[in-house]
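Undergrad: First, the structure itself, so that you have it in front of you.
Computed from the coordinates by the stated procedures, all read-outs in this text should not be read as laboratory data. On a predicted model such as this, the values are computed, not experimentally measured, just so you know. No Cβ is skipped: glycine too gets one built from the backbone with ideal geometry, and neighbour counts run over all protein chains shown.
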Amino acid sequence: MIGMIMFAAALVMLMLGFPVAFTFGGVALFFGVFAQGMDLFAFMPYRIMSVMQNTVLMAVPLFIFMGVVLQRTKLAEQLLTSMGRLFGGLPGGLAISTILVGALLAASTGVVGASVVAMGLISLPVMLAHKYDKRLSTGTICASGTLGQIVPPSIILIILGDVLGLPVGDLFKAAVWPGVVLIGLYIVYILVLTRLKPETAPPMPEDPTRSRKQEIVAALIAIIPPLALIVVVLGSIFTGIATPTESSALGGVGAVVLAIIYRQFSFKMVWEAAKDTVSVTAMVFAILIGATAFSMVFSYTGGDYLLEEWLTMLPGEHWGFIILAMLVILILGFFIDFVEISFIIVPILAPVAESLGINMLWFAILVAMNLQTSFLTPPFGFSLFYLKGVAPPEVRTVDIYRGIIPFIAIQILVLALIVVFPEWFGMSATY
Amino acid sequence: QETFTLRLAETWGPNFPIFGDTTKRFKETVEKMSDGRIRIRIDSANKHKAPLGVFDMVKAGQYDMGHSASYYWKGKVPETLFFTSMPFGMNAIEQYAWFYYGGGMELMEEVYEPHNLLSFPGGNTGVQMGGWFRKEIKSLDDLKGLKMRIPGFAGEVFAEVGVNPTNIAPGELYTALERNTIDAVEWVGPALDLRLGFQQIADYYYTGWHEPATELQFLVNKKVWEKLPADLQEIMRVAMRSSAYDMLIQSQHANAEAWANIKKDYPNVKIKKFPKEIFQAMYEANKKLLKEAAENSEMAAKIIESQRNYLQKSRAYTDISERAYLNTMAEVE
Amino acid sequence: MGWIIKLDEGLGWLSKVCGWIACVAMILMAANVFYDVVARYAFNDVSIAMQEMEWHLYSVVFLLGIPYALRTDGHVRVDVFYTNWSNTRKAWVNLVGALIFVIPFAFLIGFYGYEFALDSYHMGESSGDPGGLPNRWIIKAVIPFTAVFIATAGLNMATYAIRVLAGDRSYETEHSGGGLA
Ligand code: NA
Ligand code: NA
């Protein structure tokens, strides 16, 4: 029960505006020492060490570095505005470009912190400068930055493969269509919204001195360098030159090379970019460390056993089970991080699903879709914190919370589609 | 009557097959045999987050017990390397005989005691497979510069014959092998390899030589052990020994099933054995590395000596019993 | 008040040094990973020591970055109410938070992290992989080392809050490195 009270306490404390990381850490400290004594915290060095040795997370600073360099050299702005121009008078062009760039990043990493922060750096300033609605901008970035969790390669799918005993390759293949549909619906949403409310995403101003054709040619030329960079990152993964994590270093070094080519390079620029990178990286990892203290206290005070007990009360009938299981994961996703859900909750649900004759591959994809949503649900969705961390002060937490809601609705819609029409996604619900 | 709750940290994730089943069986056996006087609480890696911190946590008393493998502590205490499995070493029966009748347990105690720990055999995987390769290995030259995920001492032996041991995060292993970032992966055996899907992307499955009898371990904090009354200690001992035995036979069973499935569903997979020149080179490399280890530590020298002598003696008997029988079968079938 | 200003500036300087080290590690890490990829792909040369150096550097980046980000107010806050509050109110939140959250948290991590690193030192722990790095205690010692600097940065947060309460400084001027962080 202590775990549950602790969540409530953290929620209240967060509202006071003290840094999120240390609010998590401090609340955990109070409850942990109260319930178990100081020695509980002897586990902390091991937990910090496990973050240090989690080399997949190395992608976070490296992608952030790439994003910062692209931003400081104005190459990112150029990429997005040119893509926006390609869409011509279409309102929402920048948002659609953001989603497409986000989708490309998603295909090159499975680490949420990396892509949300990189997208926040690259695209938020551009959208705000072009008078985009704050909510639309932040929602688009959080949603497309989190795509990395469902679009392969993805950490969630790898963990689920391990927990459910499914080959990772099968999961990666099965996740492709749900990912594509999600991206498609995000774009449809932008198109519909900007038709109904054009003021939320004004079209790129046209340059009166140039014809439409000249404009397109200019845009295509401007797109090439930053797009080439993304192609290098993705290409290095697909050809096996680098692992997804390592590809982020190619991206960082590549961005510096681009800066040299475009005569934007200076040692000062690299140093300033390193400073920004360190600061933003520290923000992301401080949250991870605060959260690991939090989940440590939660589980060592019996929170995991309590959850187990509750879950055994789920109904044992096909539709009832699926719907309730999805609801439980969605709700728990508000509070608990996805690794804990994969390791604690999923193993309890899996045997029940199996005994009902449910196709485990389909079940795994449902869980993965659901878990990526958990990064976006207020108040604890990590993507929201990460974007807030790189957003200018005039973007408030509330803007981000409100901005994400339509995208969460889209995700729930896609989840429902996979539940009801698995064959649309090349899967079947049962064996 | 006094009751004890022992907290056990295992290196594996929750529900990890075979390895995790072993701790669960241990828990059941102990709780039943002691009529509830001992309770075991198992924490898997997702809870303590320190799969390779089990040694330190049991040593410091944060956990009372652990379930792991001795060779993981090689970087901390080099002599712990010898109590899991050695390249070209004993098979499971021979190694169990060495532990319980050939002086192995005493040597293990000597190594672990200074660290306030006791170590007991904790289940065996049997012969581990030599790994998944994307290209056939026909000669020593094919191994030169080959990039392979192969950790620990076996990696050192491979390195001696020209392989490039490479670190890849477990989560990226599949992608790395699929896209030729690395050329080969060593994991465990069919039952556990199947879960990672290597059979989908690599055709050549090599037979093993490097870990002929991988023995897991139960670690117990010595102070905690000494607090238990003699009858409970005996219950613990018997439960550890029986769950270790169970793991050996469960490994045999699960691997046989998994291998039958791989053969049926993945006809692309071919079983291969390294050519003799490679084995010969690795055999020499192994001897050289053991010699170095013996020169660096008296304790290591003592263990290596004991294992070598025991292997010689018991292999002579294996030759006229198990091997003779298997050869006979091979002739008539 | 004079000594508070001196202390505040001294502590701020410490956090900046942490940031400086983390920046150097950041650039080295990018170069390290890039080098490893090129060496492996172009020259078929893999060094486990260099591969391990990657996560050593990455750990330094994010660990020593934490005190630096505290000084530059880089840590994310939920600003539902916070932005609209007066400087005095913000100062109280930060003063109390630093004293009851940041410093005790850093103390516990430092205390247990010290034992963690010391044990590794006594055992002479090294990497267990072929050609790996020796002296694992060095990277483990970064944990308590960081904790000390988080504590001083927490103290710094408190001294700054006191300066704000005294009217010597305000939070507006200090805002996070221009939108970035
Ligand atoms: Na991805
Ligand atoms: Na193995």
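Undergrad: Which count do you get for residues in the stretch A:86-127 that are more than 16 Å from ligand 1 (Cβ to nearest atom), more than 14 Å from chain C (Cβ to nearest Cβ) and of a type in the set (A, V, I, L, M, F, W, C)?
TA: Counting residues in the stretch A:86-127 that are more than 16 Å from ligand 1 (Cβ to nearest atom), more than 14 Å from chain C (Cβ to nearest Cβ) and of a type in the set (A, V, I, L, M, F, W, C) gives 6.
Undergrad: Turning to a different aspect of this structure: Being within 22 Å of residue B:54 (Cβ to Cβ), more than 9 Å from chain A (Cβ to nearest Cβ) and not aromatic (Phe, Trp, Tyr) is the filter here; which residues of the stretch C:99-129 pass it?
TA: Across the stretch C:99-129, the qualifying residues are C:118, C:119, C:120, C:122, C:123, C:124, C:125, C:126, C:127, C:128, C:129.
Undergrad: Can you name the number of the only condition in (1) at the interface with chain A (Cβ under 8 Å from one of its Cβ atoms); (2) assigned to a helix (DSSP H, G or I) that residue C:79 fails?
TA: Of the numbered conditions (1) at the interface with chain A (Cβ under 8 Å from one of its Cβ atoms); (2) assigned to a helix (DSSP H, G or I), the odd one out for residue C:79 is (2).
Undergrad: Which one of these does residue B:32 not meet: (1) in contact (Cβ under 8 Å) with a residue 12 or more places away in the chain; (2) outside any loop (DSSP other than H, G, I, E, B); (3) more than 11 Å from every other protein chain (Cβ to nearest Cβ)?
TA: All conditions pass for residue B:32, except number (1).
Undergrad: Within 7 Å of chain A (Cβ to nearest Cβ) and among the aromatic types (Phe, Trp, Tyr) - does that describe any residue in the stretch C:83-98?
TA: Looking through the stretch C:83-98, none of the residues is within 7 Å of chain A (Cβ to nearest Cβ) and among the aromatic types (Phe, Trp, Tyr).
Undergrad: Does residue B:252 meet the test of being in contact with a Gly (Cβ under 9 Å, 6 or more places away or on another chain) and either among the acidic types (Asp, Glu) or assigned to a strand (DSSP E or B) (or both)?
TA: The answer is no for residue B:252.
Undergrad: Something else now. Condition first: under 20 Å from residue A:389 (Cα atoms), surrounded by fewer than 23 Cβ atoms within 10 Å (Cβ to Cβ) and in contact (Cβ under 8 Å) with a residue 12 or more places away in the chain. Can you find one or more residues in the stretch C:73-84 that meet it?
TA: yes
Undergrad: Answer yes if at least one residue in the stretch A:258-272 is within 23 Å of the chain's Cα centre (by Cα), touching a residue at least 40 places away in the same chain (Cβ under 8 Å), on the phi < 0 side of the Ramachandran plot and assigned to a helix (DSSP H, G or I), and no otherwise.
TA: no
Every residue, every condition in (1) touching a strand residue (DSSP E or B) at 6+ places or on another chain (Cβ under 6 Å); (2) facing chain A (nearest Cβ under 7 Å); (3) within 15 Å of residue A:245 (Cβ to Cβ); (4) of a type outside the set (Val, Ile, Thr), yes or no:
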{"position": "C:13", "(1), (2), (3), (4)": "no, no, no, yes"}
{"position": "C:21", "(1), (2), (3), (4)": "no, no, no, no"}
{"position": "C:44", "(1), (2), (3), (4)": "no, no, no, yes"}
{"position": "C:65", "(1), (2), (3), (4)": "no, yes, no, yes"}
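Undergrad: Within the stretch A:148-157, restricting attention to residues that are within 11 Å of chain B (Cβ to nearest Cβ) and either more than 10 Å from ligand 1 (Cβ to nearest atom) or not in a helix (DSSP H, G or I) (or both), which residue is nearest to the chain's Cα centre (by Cα)?
TA: A:154
Undergrad: Quickly run through the stretch A:273-299 and pick out the residues that are facing another protein chain (nearest Cβ under 8 Å), among the hydroxyl-bearing types (Ser, Thr, Tyr) and within 23 Å of residue A:26 (Cα to Cα).
TA: A:279, A:281, A:292, A:299 - these are the residues of the stretch A:273-299 that are facing another protein chain (nearest Cβ under 8 Å), among the hydroxyl-bearing types (Ser, Thr, Tyr) and within 23 Å of residue A:26 (Cα to Cα).
Undergrad: Somewhere in the stretch B:175-190, is a residue within 16 Å of ligand 1 (Cβ to nearest atom), charged (D, E, K, R) and surrounded by fewer than 24 Cβ atoms within 10 Å (Cβ to Cβ)?
TA: Checking the stretch B:175-190: at least one residue is within 16 Å of ligand 1 (Cβ to nearest atom), charged (D, E, K, R) and surrounded by fewer than 24 Cβ atoms within 10 Å (Cβ to Cβ).
Undergrad: Please find, within the stretch A:64-106, the residue that is farthest from residue C:61 (Cα to Cα) out of those that are surrounded by 22 or more Cβ atoms within 10 Å (Cβ to Cβ) and under 13 Å from the mean Cα position of the chain (by Cα).
TA: A:99
Undergrad: Separate question: If you scan the stretch B:182-241, which residues turn out to be away from every other protein chain (no Cβ under 14 Å), away from ligand 2 (no atom under 13 Å from the Cβ) and out of contact with any Phe, Trp or Tyr (no Cβ under 9 Å at 6 or more places or on another chain)?
TA: Those that are away from every other protein chain (no Cβ under 14 Å), away from ligand 2 (no atom under 13 Å from the Cβ) and out of contact with any Phe, Trp or Tyr (no Cβ under 9 Å at 6 or more places or on another chain): B:223, B:225, B:226, B:229, B:230, B:231, B:234, B:235, B:238.
Undergrad: So, residue C:98, is that one under 21 Å from residue A:27 (Cβ atoms) and of a type outside the set (S, T, N, Q) or not?
TA: Answer is yes for this residue.
Undergrad: Does at least one position in the stretch B:55-71 carry a residue that is more than 16 Å from ligand 2 (Cβ to nearest atom), within 11 Å of chain C (Cβ to nearest Cβ), out of contact with any Lys or Arg (no Cβ under 7 Å at 6 or more places or on another chain) and among the acidic types (Asp, Glu)?
TA: Checking the stretch B:55-71: at least one residue is more than 16 Å from ligand 2 (Cβ to nearest atom), within 11 Å of chain C (Cβ to nearest Cβ), out of contact with any Lys or Arg (no Cβ under 7 Å at 6 or more places or on another chain) and among the acidic types (Asp, Glu).
Undergrad: Moving on to the next point. Just one of the numbered conditions (1) closer than 30 Å to residue A:69 by Cβ; (2) part of a loop (DSSP other than H, G, I, E, B) is not true of residue A:214; which one?
TA: (2)
Undergrad: When the residues of the stretch C:130-172 are filtered to those that are part of a helix (DSSP H, G or I) and farther than 21 Å from residue C:109 by Cα, which remaining residue is nearest to the other protein chains (Cβ to nearest Cβ)?
TA: Once the filter is applied, the top-ranked residue is C:161.
Undergrad: To continue, here is another question. What do you reckon, is residue A:254 away from ligand 2 (no atom under 16 Å from the Cβ), within 14 Å of chain B (Cβ to nearest Cβ) and not acidic (Asp, Glu)?
TA: So residue A:254 fails the test.
Undergrad: Just the residues that are on the phi > 0 side of the Ramachandran plot and under 23 Å from the mean Cα position of the chain (by Cα), please, taken from the stretch B:29-72.
TA: Within the stretch B:29-72, just B:49 meets the criteria.
Undergrad: So, in the stretch B:35-63, how many residues would count as being closer than 15 Å to residue A:299 by Cα and part of a helix (DSSP H, G or I)?
TA: Number of matching residues: 4.
Undergrad: From the list B:163, B:157, which one is crowded, with 22+ Cβ neighbours inside 10 Å, more than 14 Å from ligand 2 (Cβ to nearest atom), closer than 19 Å to residue B:289 by Cα and of a type in the set (A, V, I, L, M, F, W, C)?
TA: Unique residue meeting the criteria: B:163.
Undergrad: Which residue out of B:105, B:148, B:86 is touching a residue at least 60 places away in the same chain (Cβ under 8 Å) and either away from chain A (no Cβ under 14 Å) or away from ligand 1 (no atom under 16 Å from the Cβ) (or both)?
TA: Going through B:105, B:148, B:86 in turn, just one is touching a residue at least 60 places away in the same chain (Cβ under 8 Å) and either away from chain A (no Cβ under 14 Å) or away from ligand 1 (no atom under 16 Å from the Cβ) (or both): B:86.
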